[in-house]
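A.B. asks: Below is one structure. I have some questions about it.
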Amino acid sequence: MSEILATTRQRVLYKARQLWEQGFNTFDSETTGLDSEDQIIQWAVCNQEGQLLGSGYIKPTVPISEGAFEIHGITEAQLANAPLFAESWPTIRDLLTASGKTVVIYNSNFDIGMLWSSARAHGIPMRWDEIKAECAMQLFASFYGEYHEYWGSYTWQKLTTAISHLNITVPGEAHNAEHDAAATAHIIRQLAELADKELPAGWHPPVLVPCAGGCRQAVKECAEADEVWYCRSCGVEHGVYHRCPGCGGVVETPSRDTIPDDLCKYCHQALHQETMLLIGAWHRCPDPRCPHITYNIVQSPDLGERCPDCQRRYEWRRQVEEAERERQERIARERKEHRRAYAKAYRQRRKEREQENRRRAELGLPPLEDPKPAPADKIIKHLKHEFERVKYDDGSSGLHCRICDASWSRLPRCWCAGIKTYRSWIYIPKHLKTRTQLLKLRLKPAKNQKPAAVVDGAFDRYNLYDETAGK
């Protein structure tokens, strides 16, 4: 329902008035701490008028934490002669469940959890649904209206904040079970009084009622004047609902006099989108690889501009290709420098050998044997690979196979594919496709066509075929 028909404040006031009319009791407790193993040390139960029905102290089996003592000021010496929880539980249970009334608790999850923790420590069975509880803290948080954008809900407020905001006067001091239980009752009473002042006569939140069209289907109704409520099957006439001319869905409107023709928000968006496309203010993403069935809408008149998703992928692919190009240039440059240094060293050794042979000829000694030239790069053959050692910019070294063009940090355990091998899908050129990709493009590799490359995946190797060769 829209805020026009039922605001959050109206819902809270209506709920508080319902609680007041049906009757309720309140409960509050003080504990040894906030952990799941802590226990109750003081409890109090009041009726809806704030009158005390029962209260008492309980001797816990765990020590009181310093943080809890700073809040309520109860010491272990005060609880030395207090009864254990097992002795007080029958009285507490009768006050909370015997009358069948709803128990209103400020932060009910915490107090019910402490009751369960204390019962568990004494071996007392207790069901979570044994007490019919209503949380006053959540009601006041919605009434207070401090919305948290990140969590998407209303921020919980302290009991002292609720007391001061509603101008409630309660005898006693805060963080005392008797004071807090009475304050909770006064909060519900104050909200119920505000409901009588603010809510129109007969107002109620949306409820399910039979369709006025006669089919008896359940439709939502809100207490407004001159309204008729229809379901989607019976058609919509005068009333709070009308049917969208675009999609036929039901649209909510406060109009009463005429049958409105407003579009629903989805049809409004679609109509606005088509209008902007027709006048050229927007365009569809020009990238044919856009993953959507209908290309994304780009809110710009520039026809060459891609959608944000495709633009990110394009920039990422461009960076990857640039990095690969720089890597290949660096490898070629290092090879060239290495060959140049080797040739220079070879010429120097040959010159020294010629000088030594001339000296030996003068002495009548036989010349030195001409050694066979060593290769520029030492080749390491391993599992049909032909590795040569390379050095990277960071000072580390690696192995590069001249056959499959794959690089490794150490000798691998896989065999050489005999053709160019890619270690990742991101480096594959656009013209190389798998067999499945070719079939999707209505292409098929030739009968004896050999793969142009291979992708060494995590679990298997995938053959790649040249798209141009298969046409």
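A.B. asks: Among what's in region 110-137 and is loosely packed, with under 15 Cβ neighbours inside 10 Å and either not in a helix (DSSP H, G or I) or not assigned by TED's automatic domain parsing to the domain that holds ASP28 (or both), pick the residue that is modelled with the lowest pLDDT.
C.D. replies: The residue in question is ARG127.
A.B. asks: Follow-up. Would you be able to say whether some residue in region 56-77 is in contact with a helix residue (DSSP H, G or I) (Cβ under 6 Å, 6 or more places away or on another chain) and assigned to a helix (DSSP H, G or I)?
C.D. replies: No: region 56-77 contains no residue that is in contact with a helix residue (DSSP H, G or I) (Cβ under 6 Å, 6 or more places away or on another chain) and assigned to a helix (DSSP H, G or I).
A.B. asks: Now a separate question. When you check ALA281 against the structure, is it of a type in the set (A, V, I, L, M), assigned to a loop (DSSP other than H, G, I, E, B) and farther than 26 Å from PRO429 by Cα, yes or no? First the steps, then the outcome.
C.D. replies: Details: of a type in the set (A, V, I, L, M): yes; assigned to a loop (DSSP other than H, G, I, E, B): yes; farther than 26 Å from PRO429 by Cα: yes.
For ALA281, the condition - of a type in the set (A, V, I, L, M), assigned to a loop (DSSP other than H, G, I, E, B) and farther than 26 Å from PRO429 by Cα - is met.
A.B. asks: Continuing with the same structure: Checking THR468 against (1) hydroxyl-bearing (Ser, Thr, Tyr); (2) part of a strand (DSSP E or B); (3) out of contact with any Pro (no Cβ under 8 Å at 6 or more places or on another chain), which test does it fail?
C.D. replies: (2)
A.B. asks: Something else: Report, ordered by the first and then the second residue, all pairs with beta carbons closer than 6 Å, sequence separation of six or more or different chains, a first member in region 24-42 that is in the same structural domain as MET114 (by TED's automatic domain parsing) and modelled with pLDDT of 90 or more, and a second member that is surrounded by fewer than 24 Cβ atoms within 10 Å (Cβ to Cβ) and among the basic types (Lys, Arg).
C.D. replies: PHE24/LYS101; ASN25/LYS101
A.B. asks: Residue by residue through region 92-109, note down the ones that are part of a helix (DSSP H, G or I), surrounded by 15 or more Cβ atoms within 10 Å (Cβ to Cβ) and not aliphatic (A, V, I, L, M). Walk me through how you get there before you give the answer.
C.D. replies: The initial filter retains those residues of region 92-109 that are part of a helix (DSSP H, G or I), namely 92-97, 108-109.
Those still in the list that are surrounded by 15 or more Cβ atoms within 10 Å (Cβ to Cβ) too: 92-93, 95-96, 108.
Answer for region 92-109, where residues must be part of a helix (DSSP H, G or I), surrounded by 15 or more Cβ atoms within 10 Å (Cβ to Cβ) and not aliphatic (A, V, I, L, M): ARG93, SER108.
A.B. asks: Let me ask something else about it. Out of (1) farther than 19 Å from LEU383 by Cβ; (2) surrounded by 15 or more Cβ atoms within 10 Å (Cβ to Cβ); (3) charged (D, E, K, R), what's the single condition that is false for LYS420?
C.D. replies: It fails just one condition, (1).
A.B. asks: Yes or no: region 62-76 includes at least one residue that is surrounded by fewer than 17 Cβ atoms within 10 Å (Cβ to Cβ), aromatic (Phe, Trp, Tyr) and modelled with pLDDT under 90.
C.D. replies: Taking every residue of region 62-76 in turn, none turns out to be surrounded by fewer than 17 Cβ atoms within 10 Å (Cβ to Cβ), aromatic (Phe, Trp, Tyr) and modelled with pLDDT under 90.
A.B. asks: For the structure I just gave you, tell me whether ARG350 is surrounded by 11 or more Cβ atoms within 10 Å (Cβ to Cβ) and in contact (Cβ under 8 Å) with a residue 40 or more places away in the chain.
C.D. replies: Working: surrounded by 11 or more Cβ atoms within 10 Å (Cβ to Cβ): yes; in contact (Cβ under 8 Å) with a residue 40 or more places away in the chain: no.
The answer is no for ARG350.
A.B. asks: Any chance you could count how many residues in region 425-445 are free of Cβ contacts under 8 Å to residues at least 24 places away in the same chain and within 22 Å of ARG330 (Cβ to Cβ)?
C.D. replies: Counting residues in region 425-445 that are free of Cβ contacts under 8 Å to residues at least 24 places away in the same chain and within 22 Å of ARG330 (Cβ to Cβ) gives 1.
A.B. asks: With the structure loaded, tell me whether PHE85 is closer than 19 Å to SER117 by Cα, touching a His at 6+ places or on another chain (Cβ under 7 Å) and among the aromatic types (Phe, Trp, Tyr) or whether it fails that test.
C.D. replies: yes
A.B. asks: Just one of ARG335, ARG325, ARG340, ARG317 is surrounded by 10 or more Cβ atoms within 10 Å (Cβ to Cβ), under 30 Å from the mean Cα position of the chain (by Cα) and under 30 Å from TYR422 (Cα atoms); which is it? Full working, then the answer.
C.D. replies: Numbers: ARG335 fails: under 30 Å from the mean Cα position of the chain (by Cα); ARG325 fails: under 30 Å from the mean Cα position of the chain (by Cα); ARG340 fails: under 30 Å from the mean Cα position of the chain (by Cα).
Selected residue: ARG317, the only one of ARG335, ARG325, ARG340, ARG317 that is surrounded by 10 or more Cβ atoms within 10 Å (Cβ to Cβ), under 30 Å from the mean Cα position of the chain (by Cα) and under 30 Å from TYR422 (Cα atoms).
A.B. asks: Follow-up. Kindly indicate whether any position in region 381-390 is at pLDDT 85 or above, surrounded by 13 or more Cβ atoms within 10 Å (Cβ to Cβ), in contact with a helix residue (DSSP H, G or I) (Cβ under 7 Å, 6 or more places away or on another chain) and assigned by TED's automatic domain parsing to the domain that holds ASP456.
C.D. replies: Yes, region 381-390 has at least one match.
A.B. asks: Here is a follow-up. Looking only at region 177-219, which residues are modelled with pLDDT of 65 or more, surrounded by fewer than 17 Cβ atoms within 10 Å (Cβ to Cβ) and among the charged types (D, E, K, R)?
C.D. replies: Those that are modelled with pLDDT of 65 or more, surrounded by fewer than 17 Cβ atoms within 10 Å (Cβ to Cβ) and among the charged types (D, E, K, R): GLU193, ASP196, LYS197, GLU198.
A.B. asks: Please specify each residue of region 17-46 satisfying the condition of being in contact with a Lys or Arg (Cβ under 8 Å, 6 or more places away or on another chain) and part of a helix (DSSP H, G or I).
C.D. replies: TRP20, GLN22, listed by residue number.
The values are calculated or read from the model by the stated rules, or taken from the named source; none is laboratory data. Given the structure is predicted, the values throughout are model-derived calculations rather than measurements. Using ideal geometry, Cβ is built from the backbone for each residue, glycine included, and neighbour counts are taken over all protein chains shown.
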